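Down below is the structure, laid out as structure tokens.
The values are calculated or read from the model by the stated rules, or taken from the named source; none is laboratory data. In this text the structure is predicted, and so the values were computed from the model without any measurement. Methodologically, a virtual Cβ is constructed for each residue, glycine included, from the backbone with ideal geometry; neighbour enumeration extends over all protein chains shown.
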Amino acid sequence: MTPIPSTTMAPACPGGMNIEQVQILVRHGERSPIWARFQNTGLSPYWPYCSAAQRFTQVVMATQDGSRWETTTWKRRLETSGPGGRPIPAQGAGGETSSICMPGELTDRGRETSLAFGKWLRRLYVDQLGLLPEHLSDATMLYIRTTEVPRVVESVQQILHGLYSSGTNRTSAPWDIAMRSRAEETLLPNTKSCARLAELTRAFSQAAAEKWNGSDDMRYLSEKLGKWMPGNKVLAVDSRPSLSAVMDSINATLAHGPDTRLPDEFYDERVRKVIDRIVIDEKFGGYGTSRELRMLGVGQLVGDLVLKMVDQTEWNRRHDTLRDPTVQPSAPPRLSLLGCHDRTIGVVLASLGCLDSNEKWPPFTSHIIFELLRKKRTPSPSMNEGGRWGLWGGATTGLILTTDQGDTGEPRGVGRQPVEKLTTEVQDLDEYFVRVRYNDRIMTIPGCRAEGKHFDRDESLCTLSAFRSIVHKFTPRSWKRACNSNLGASPTTMSNEPAGY
């Protein structure tokens, strides 16, 4: 798991600044393996770590006309085929038949760490920095979105419960969690809906195989783990199971109890270090060198993060110039929580130039926090009298400032415009700064180190203008059109554009 950061990570907010907005990408918590592997080592295919299976609640229609709904409680009993094909209960390593996990399911440990992360967010952004109120009375202060994968949805629900438990959540409405169809998903590289992205992903994976399969590091892995591979085969980037699949089994077993462990060789320090380095190079390396890959794989997602930052600056500008304090423009959400996957975390870091060669694979509950900061201004009388939260009108998500007109849609609003084309109304972006935090570390984007592109002598505090300019270079104008362009072209023609500039 990702260690939960300290409550008072210094500096929580730099002197002379206010925190205006936070957007969080968070990987789901610990889970069971996606596929049952290495049973030849004695590893049980069934893990008894999913207590939620004993207490499911489901909404059911109570009348045929749909006028009344009720809830039914049920528990899941996983079964398998026994001798002669007869069904028998699936059993864990100790003979357990309750709490058995489905493949890739969020485990009790994953719920625990997700809940702890939510409590940490509360300590930092409610108790310490006051970005959010102690008691939530308006749910639109938060924007919540996840992929449709159950372990991600459940992790985010646990995080929300840590951030605002039933005693502090005073809204009457249920949590509003946004999702997208798989065809339109941007919270991970969408190779299924983008032919060119799938092509580039295969090409970079093949390049990694050619680079690493004959290396001394791979020979070391084969010496240590080859005897456990099917048919005692050597390990390779593209072996069966692949090196990334071996890594997944190691990480999933390491996160749980002693009854679901692999042989000690799998946890050898050098083995884990080498696997991390090779798989990170295979899966994320291209994002650090190819603008086309960044654009297709993560450009929409990071571009939307910038849009929400610009939403906040525009709301602030309108609010600052509003003469009648009783009439307030709708406010964008102060905190956005986006539930995603390890690939999302890795490609975003790589696309911003923040992933070095010594990085580990993103652990469970890994998170990237984008903080929008603003130089302090003299508070208005209405802020002092009405309280910070009395100023908020009915908030909108503010995610989309563009219009989708099919494959030829052109972006609208300041969010997608080049910096040099911004109107004078938003030329004050340089009083805003973006800080990127990955787990317990403050990251520095390479292009923000130049003079005039960061605050004072702190290169990690990137001006919003500079950050936006960096992201704009790989934000697609028409993702659908780009997905069907350059098909068959070699990725090497666009692999000399380092990320983060």
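Given the structure, is I88 crowded, with 19+ Cβ neighbours inside 10 Å, of a type in the set (V, I, T) and in contact with a strand residue (DSSP E or B) (Cβ under 9 Å, 6 or more places away or on another chain)? No; evaluated as a whole, the condition is false for this residue.
Entry remark, the range 442-496: residues being surrounded by fewer than 19 Cβ atoms within 10 Å (Cβ to Cβ), touching a Phe, Trp or Tyr at 6+ places or on another chain (Cβ under 9 Å) and closer than 21 Å to S357 by Cα number 1 in total. Considering I250, I159, the condition of being touching a residue at least 40 places away in the same chain (Cβ under 8 Å), under 22 Å from the mean Cα position of the chain (by Cα) and more than 21 Å from G297 (Cα to Cα) is satisfied by I159 alone.
Residue-wise test of (1) acidic (D, E); (2) more than 27 Å from P133 (Cβ to Cβ); (3) at pLDDT below 95.
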site	(1), (2), (3)
Q157	no, no, no
T171	no, no, yes
T186	no, yes, no
N190	no, yes, no
S193	no, yes, no
R196	no, yes, no
R202	no, yes, no
G226	no, yes, no
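Of the residues making up the range 141-148, at least one is assigned to a loop (DSSP other than H, G, I, E, B), of a type outside the set (K, R), touching a residue at least 12 places away in the same chain (Cβ under 8 Å) and surrounded by fewer than 21 Cβ atoms within 10 Å (Cβ to Cβ). Kindly indicate which of A52, A36 is assigned to a helix (DSSP H, G or I) and surrounded by 11 or more Cβ atoms within 10 Å (Cβ to Cβ). Unique residue meeting the criteria: A52. Kindly indicate whether any position in the range 127-150 is closer than 23 Å to D440 by Cβ and in contact with a His (Cβ under 8 Å, 6 or more places away or on another chain). The answer is no; no qualifying residue exists.
Any residue that is over 30 Å from R37 (Cα atoms), at pLDDT 95 or above and either surrounded by fewer than 21 Cβ atoms within 10 Å (Cβ to Cβ) or not assigned by TED's automatic domain parsing to the domain that holds R170 (or both) - is there at least one of those in the range 114-121?
The answer is yes; a qualifying residue exists.
Among the residues of the range 208-235, which ones are among the hydrophobic types (A, V, I, L, M, F, W, C), closer than 13 Å to V274 by Cβ and free of Cβ contacts under 8 Å to residues at least 40 places away in the same chain? Before the answer, list the steps.
Initial filter on the range 208-235 (among the hydrophobic types (A, V, I, L, M, F, W, C)): 208-209, 212, 218, 221, 225, 228-229, 234-235.
The next check asks that each one be closer than 13 Å to V274 by Cβ; those that pass are 212, 218, 221, 225, 235.
Of everything in the range 208-235, just one residue is among the hydrophobic types (A, V, I, L, M, F, W, C), closer than 13 Å to V274 by Cβ and free of Cβ contacts under 8 Å to residues at least 40 places away in the same chain, namely L235.
Restricting to the range 84-107, name every residue that is farther than 17 Å from P45 by Cα and outside any loop (DSSP other than H, G, I, E, B). Listed by number, the residues that qualify are G84, G85.
For residues in the range 58-75 being in contact with a Phe, Trp or Tyr (Cβ under 8 Å, 6 or more places away or on another chain), surrounded by 10 or more Cβ atoms within 10 Å (Cβ to Cβ) and not basic (K, R), which is farthest from W35 (Cα to Cα)?
The extreme case among them is A62.
Residue selection: V22 fails the criterion of being touching an Asp or Glu at 6+ places or on another chain (Cβ under 8 Å), assigned to a strand (DSSP E or B) and modelled with pLDDT under 95. Of all residues in the range 454-463, none are within 24 Å of T289 (Cα to Cα), charged (D, E, K, R), in a helix (DSSP H, G or I) and modelled with pLDDT of 95 or more.
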